[in-house]
Each structure stands twice: as C-alpha cells, then as structure tokens.
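The structure under discussion appears below in the form of structure tokens.
The values are calculated or read from the model by the stated rules, or taken from the named source; none is laboratory data. Predicted model, so just to flag it, every value in this text is computed and none were measured. Protein only, heavy atoms only, side chains kept; ligands, DNA and RNA dropped before computing areas. Shrake-Rupley method; radii C 1.70, N 1.55, O 1.52, S 1.80 Å.
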Amino acid sequence: MNRPLLLSVLLVMTFLAAPLGAETQVFQPAIPDLPVKTQDGKSVRFYSDLVKGNTVAVNFIFTNCKTICPMLGGMFTNLQKQSGSGVKMISISIDPTVDTPRRLKDWSSKFHPGPSWVFITGRQADIDQILKALGVYTSRPQDHLPLTIIGSDVTNVWTRNYGFLSGSELSKVVTRVNDRAPRTMVGGAK
C-alpha cells in the first residue's frame, strides 16, 4: 500500500474511532473579504456576500477526496434537514486549482444542497488566506482534518468543531453560537 493511501486510511480510522462531536473550541477569526466563485460560477466576496450578518457553518472539502470529504458532505446534508437552523452552509474547496465551479457543482449534486448551502473555490492564494484566517490551512489537501467552523457574524461567537457531528449536534452548536453561549458546546469543551 502506498504511503499517502495508508496515511489516509489511518487518519479516517482514527476519526471514525473518535466520538461524534469529539471537541469544540471557541476562537476569534479575522474573516477576509476576498473574491471567490460559487459552484454556479458566480463571483462573490467571502465576507461581504457569504458571512456578513449571518450564522455560518463552514467545512472544507475537495472533489477528489475519497475519505472524509463525502462524510463532511453528509454532515451538512443532515444539518440542512434540521428545520429552522437558520444557518448558511459554506463548503470551501481546499484544492481550488482542480476544483472548478463545474467540478464543485457535479460533486455537490450527490448531497442535494438547498439554497442555503454554497460551495466555493477561487484563486489558490485567496483560498489559502481564508483557510489560514480560519485556522485550517494545510499545504496538502489530503492532510486536512474533519473540521466544521460554526460562527455568527452577529454575536461574534465562533467555534472549531473537530470530528463528525450529527445534524442535531451541529444544530445545537448553531443555537448556542446564536445565543452567545460558547461555554457549553457539544462534546463538553469549554
């Protein structure tokens, strides 16, 4: 077995063995307002058009991923099914040189995204800057972790959620972020 494949298998096995919602951390990102493209090819600004005034759930995917990315898409599908969550979901490609808007649209179709879920790509330098601001940058897409950022531009409460959370667990984090209650997050983190 080649080394990258073995590492991917070990990484997935490690995270599958971890409890859902294993850890949540509160942090304060400085969200950049850089140009990105949606899965429909529409040019938008990351902060002004997607984050500003919203509660957002952000995950990090790439279309060639065969390990954790489909599970992350499934998590957002489950969050989307939670009625009244009032969250804007953003899936950011961490491999923007490969993931064109068309590839994102094709990949996303298996998750049946609704109007509150957008998939974005862009120039590598801009995506890297967004990833660094959110504390999730990695130089190799296959090394990324299963992270979901949930935050509110209104309450200014932001969380990094490590692991695989159910739709209801994600919805609870959304509620707590909206209620400005960062001390009692899913997984017991403070």
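Remarks
- The residues of the stretch 100-156 have, on average, 46 Å² of accessible surface per residue, using a 1.4 Å probe with all protein chains present.
- Portion, in percent, of the accessible area of the stretch 96-149 that falls on carbon or sulfur, probe 1.4 Å: 53 percent
- In angstrom, the C-alpha Rg and Dmax of the stretch 29-183 are 14.0, 40.
- Ordering Lys37, Lys81 by accessible surface, largest first, gives Lys81, Lys37; the 1.4 Å probe counts only protein heavy atoms, with every chain in place.
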